[in-house]
Amino acid sequence: MTATTTTSITTALLHLSTLLHLSTTAFSIGVNYGTLANDLPSPSQVANFLKTQTIIDSIKIFDTNPDILRGFANTNITVTVTVGNGDIPALVDANAASRWVANNIEQFYPQTRIKLIAVGNEILFTGNKEWISHLVPCIKSLHQALVRAGINDVKVSTPYTLGILQNSVQPSAARIKPAYGKVVFAPMLEFLRQTKSPLLVNPYPYFSYSPSMEDYILFKPNPGIHDDNTNITYTNMFVAMMDAVYSAIKAMGYDDLDIVVAESGWPSLGDPNQPMCTVENAVLYNKNMIKVVTSGEGTPLMPKRRFETYVFALFNENLKPGTAAERNWGLFRPDFSPVYDVGILSNIGKV
């Protein structure tokens with residue numbers, strides 16, 4: 001082998017190494033696509049924008065809107081759909097579940113890449129006993145309906161608020177609240193393991209905001225919170241929340257489950273009594289949160305892991321009730337102009 005050949009091979013390997021590095025450092029992200037507004041573009045326009053102008057490769061919707069499901073056909077963007085909270089009890093029935101799958105999944109799949117059915121949203125937080133008692137049976141019923149329909153790669157799960165946890169300030173001490181543990185959570189985790197489905201959580205440091213906690217919540221320099229059990233010091237709340245979820249399911253024997261961030265975000269504008277709702281804070285939170293879930297570094301208790309994540313939300317939604325903050329969670333305005341930039345736009349989209 002000549003010196004020239006050796007040099008050529010070395011150069012080629014260096015190029016390959018660089019390409020491999022780029023492929024592992026490139027990232028994609030999901031987004032929650034809410035539609036409580038009267039000024040939004042059509043679903044097909046949204047699909048084209050996401051595909052051609054952004055790095056967003058997955059959406060989560062809060063219903064089974066057929067216009068959205070048709071609009072995202074043949075885009076290769078994956079879609080998570082949602083069963084309405086009030087529909088949960090009826091779908092325990094096998095025939096009802098089969099009809100639901102036929103109407104909301106089969107007629108759009110696989111042209112639309114539906115990947116997951118989220119059954120309700122934060123059901124345990126609602127306190128509705130009928131919904132809670134039927135949650136796991138409904139999830140199992142929909143899974144069985146998918147199997148009967150010959151659909152094997154659409155998963156079924158349900159999003160949880162972190163209100164299900166207790167003792168979570170020090171992440172290693174976090175546990176599922178006893179009221180939920182054995183009755184709802186244990187059978188749910190077992191189902192998720194058996195079907196290789198993810199645990200969906202909605203970690204929102206925003207809702208824990210106080211001026212004294214601002215630096216810790218917004219990834220600014222701070223002394224952190226020390227976990228005495230693990231000797232780990234956490235310097236931001238989002239990572240602490242993720243490790244609290246991990247500790248809670250590990251204590252129940254289910255630390256092998258994938259954890260998906262089904263919702264997290266920060267509003268860019270609020271009422272006068274909501275001074276934390278600024279563009280600057282939204283950028284700080286979302287940019288750093290996205291870095292955590294996509295970097296591959298993971299968390300102290302879940303090292304070298306990436307987390308499938310859906311930022312809340314795609315658009316500002318002008319018909320949402322409540323404070324001004326509720327109408328200003330969006331990454332984009334209805335005309336597709338960015339409210340702020342957190343690296344979501346592709347190189348084409350930045351032109």
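Against the test of being open to solvent by 10 Å² or more (accessible area, probe 1.4 Å), touching a residue at least 12 places away in the same chain (Cβ under 8 Å) and part of a loop (DSSP other than H, G, I, E, B), the options 284, 269 yield a single qualifying residue, 269. Flag not set for residue 122, criterion: of a type outside the set (Lys, Arg), closer than 14 Å to residue 153 by Cβ and either open to solvent by 10 Å² or more (accessible area, probe 1.4 Å) or at pLDDT below 95 (or both).
Does residue 246 count as more than 18 Å from residue 125 (Cα to Cα) and either open to solvent by less than 10 Å² (accessible area, probe 1.4 Å) or within 19 Å of the chain's Cα centre (by Cα) (or both)? Break it down stepwise before answering.
Working: more than 18 Å from residue 125 (Cα to Cα): yes; either open to solvent by less than 10 Å² (accessible area, probe 1.4 Å) or within 19 Å of the chain's Cα centre (by Cα) (or both): yes.
The answer is yes for residue 246.
Scan segment 320-332 and tell me whether some residue there is assigned to a helix (DSSP H, G or I) and touching a Pro at 6+ places or on another chain (Cβ under 7 Å).
Here is the first cut: in segment 320-332, the ones assigned to a helix (DSSP H, G or I) are 324-327.
So of that shortlist, the ones also touching a Pro at 6+ places or on another chain (Cβ under 7 Å) come out as 325.
Yes, that holds for at least one residue.
Scanning segment 318-341 for residues that are out of contact with any strand residue (DSSP E or B) (no Cβ under 8 Å at 6 or more places or on another chain), under 21 Å from residue 287 (Cα atoms) and at pLDDT 95 or above gives 325, 326, 327, 328, 329, 336, 337, 340.
Could you check segment 193-240 and list, in sequence order, the residues that are more than 14 Å from residue 281 (Cα to Cα), touching a residue at least 60 places away in the same chain (Cβ under 8 Å) and touching a helix residue (DSSP H, G or I) at 6+ places or on another chain (Cβ under 9 Å)? Of everything in segment 193-240, those that are more than 14 Å from residue 281 (Cα to Cα), touching a residue at least 60 places away in the same chain (Cβ under 8 Å) and touching a helix residue (DSSP H, G or I) at 6+ places or on another chain (Cβ under 9 Å) turn out to be 197, 198, 199, 201, 202, 203, 230, 232, 234, 239, 240. Of 245, 260, all but one fail to be touching a Pro at 6+ places or on another chain (Cβ under 8 Å) and part of a strand (DSSP E or B); the exception is 260.
I'm trying to understand the selection: among the residues of segment 146-205, which are assigned to a helix (DSSP H, G or I) and of a type in the set (Val, Ile, Thr)?
Taking segment 146-205 first, the residues assigned to a helix (DSSP H, G or I) are 146-148, 162-164, 171-173, 178-194, 205.
147, 164, 183, 184 - these are the residues of segment 146-205 that are assigned to a helix (DSSP H, G or I) and of a type in the set (Val, Ile, Thr).
Within segment 69-99, restricting attention to residues that are of a type in the set (D, E, K, R) and over 25 Å from the mean Cα position of the chain (by Cα), the residue that is most open to solvent (accessible area, probe 1.4 Å) is 99. Answer yes or no: is there a residue in segment 12-27 that is open to solvent by 40 Å² or more (accessible area, probe 1.4 Å), β-branched (Val, Ile, Thr) and modelled with pLDDT of 95 or more. No, that holds for no residue. Residues that are hydroxyl-bearing (Ser, Thr, Tyr) and either modelled with pLDDT under 95 or over 19 Å from residue 312 (Cα atoms) (or both) are absent from segment 63-74 altogether. Filtered by the rule that a residue be open to solvent by less than 20 Å² (accessible area, probe 1.4 Å), of a type outside the set (A, V, I, L, M, F, W, C) and within 17 Å of residue 196 (Cα to Cα), segment 133-166 gives 141, 157, 158, 159. Scanning segment 178-207 for residues that are closer than 25 Å to residue 235 by Cα and open to solvent by 60 Å² or more (accessible area, probe 1.4 Å) turns up just one, 207.
Scanning segment 262-288 for residues being closer than 15 Å to residue 209 by Cβ, touching a strand residue (DSSP E or B) at 6+ places or on another chain (Cβ under 7 Å) and not small (Gly, Ala, Ser) gives a total of 1.
Please go through segment 123-154 and give me each residue that is of a type in the set (D, E, K, R) and touching a helix residue (DSSP H, G or I) at 6+ places or on another chain (Cβ under 8 Å), ordered by number.
Matches in segment 123-154: 140, 148.
The values are calculated or read from the model by the stated rules, or taken from the named source; none is laboratory data. Source: prediction; values computed, not measured. Cβ sites come from the backbone with ideal geometry, for glycine too, and all protein chains shown count toward neighbours. Please note that ligands, DNA and RNA were not included when accessible areas were found on the heavy atoms of the full protein model with its side chains. Shrake-Rupley method; radii C 1.70, N 1.55, O 1.52, S 1.80 Å.
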